[in-house]
Amino acid sequence: MKQIPLTKGQFAIVDDEDYERLMAMGKWKVSKLGYAEKCKWINEGGKKRCIMLRMHRIVMNCPDDKFVDHKFGNTLDNRKSHLRICTKQQNNMNCAARKNNTSGFKGVEVTGNKWKASIRFNRKRIALGVFLSALDAARAYNAAAINYFGEFANLNEIPV
C-alpha cells in the first residue's frame with residue numbers, strides 16, 4: 001500500500017503495483033465529490049478540452065458503460081481489494097445516507113411521533129412499515145437492504 005499526494009493536504013491510497021503508473025501521470029487533485037482525479041488535455045478541432053480522469057476508474061480499467069464502487073465508502077482508497085466494477089444501480093445501492101437526512105439512518109424518516117422505513121429498488125419505493133423508534137425502523141431498513149441489495153447493501157450502524 002502506498003499513498004499518492006493530492007491537493008488540500010490529502011492522499012489517495014493505492015496498491016504498490018499501481019503507484020508508479022499513477023505517479024507518472026502527473027499531479028492529482030481531490031474533486032468536490034471527494035474523488036482523486038486529474039485533467040487530461042486533448043486537442044479537439046484545434047481547441048483544447050479537459051477530460052477528467054478518476055483514479056479509481058484507471059486502477060480498475062473500468063469500461064465506459066460501467067461504474068466503480070468503493071466498497072467501504074472511502075472515495076480516496078483506491079486499492080483493488082476496496083473497489084469493484086458494477087452497474088449504476090449497484091453503485092447507488094451502496095451509497096450513504098443523504099446529507100439532508102434528519103433521522104440519522106438511511107431509509108428512515110420521521111412522521112409525526114413515529115418513524116417510517118422505506119427502501120428504493122428497481123425505481124420503486126417499498127414501504128417497510130411505521131415504527132415507534134428510529135432504531136426499529138433502521139433495523140427494518142437493514143434487513144430489507146440485505147434482501148434487495150445483497151453484497152452492495154450499505155447498512156445503518158445500529159448501537160448495541
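Quick rundown of the values:
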{"quantity": "Within region 61-160, chymotrypsin sites (Phe, Trp or Tyr not before Pro) in DSSP loop having at most 16 other beta-carbon neighbours inside 10 Å", "calculated": "F72"}
{"quantity": "Eligible lysines near K47 by straight Cα distance, threshold 28 Å, same-chain separation 8 or greater", "calculated": "K27, K29, K32, K38"}
{"quantity": "Electrostatic dipole magnitude of region 81-159 [Cβ: Lys, Arg +1; Asp, Glu -1; Cα centre; debye, to 20]", "calculated": "360 debye"}
{"quantity": "C-alpha center-to-center spacing [region 22-100, region 115-139] in angstrom", "calculated": "31 Å"}
{"quantity": "Accessible area of region 5-129 divided out per residue, in Å², using a probe of 1.4 angstrom", "calculated": "66 Å²"}
{"quantity": "Dipole magnitude of the chain about its Cα centre (Cβ charges: Lys, Arg +1; Asp, Glu -1), debye to nearest 20", "calculated": "700 debye"}
{"quantity": "Trypsin sites (Lys or Arg not before Pro) restricted to DSSP loop in region 111-159 with at most 15 other C-beta within 10 Å", "calculated": "R123"}
{"quantity": "Approximate spin-label separation C62-S31, in nm, with each point projected 7 Å along Cα-to-Cβ", "calculated": "0.8 nm"}
{"quantity": "Relative contact order (percent, whole number), the chain, Cα cutoff 8 Å, 6+ residue spacing", "calculated": "14 percent"}
{"quantity": "Theoretical gain in end-to-end length, I146 to N100 [0.36 nm per residue, Cα-Cα removed]", "calculated": "14.2 nm"}
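The values are calculated or read from the model by the stated rules, or taken from the named source; none is laboratory data. On a predicted model such as this, the values are computed, not experimentally measured, just so you know. Reconstructed Cβ throughout: ideal geometry from the backbone, glycine too, with neighbour counts over all protein chains shown. Heavy atoms of the whole protein, side chains included, go into the accessibility calculation; ligands, DNA and RNA do not. Shrake-Rupley method; radii C 1.70, N 1.55, O 1.52, S 1.80 Å.
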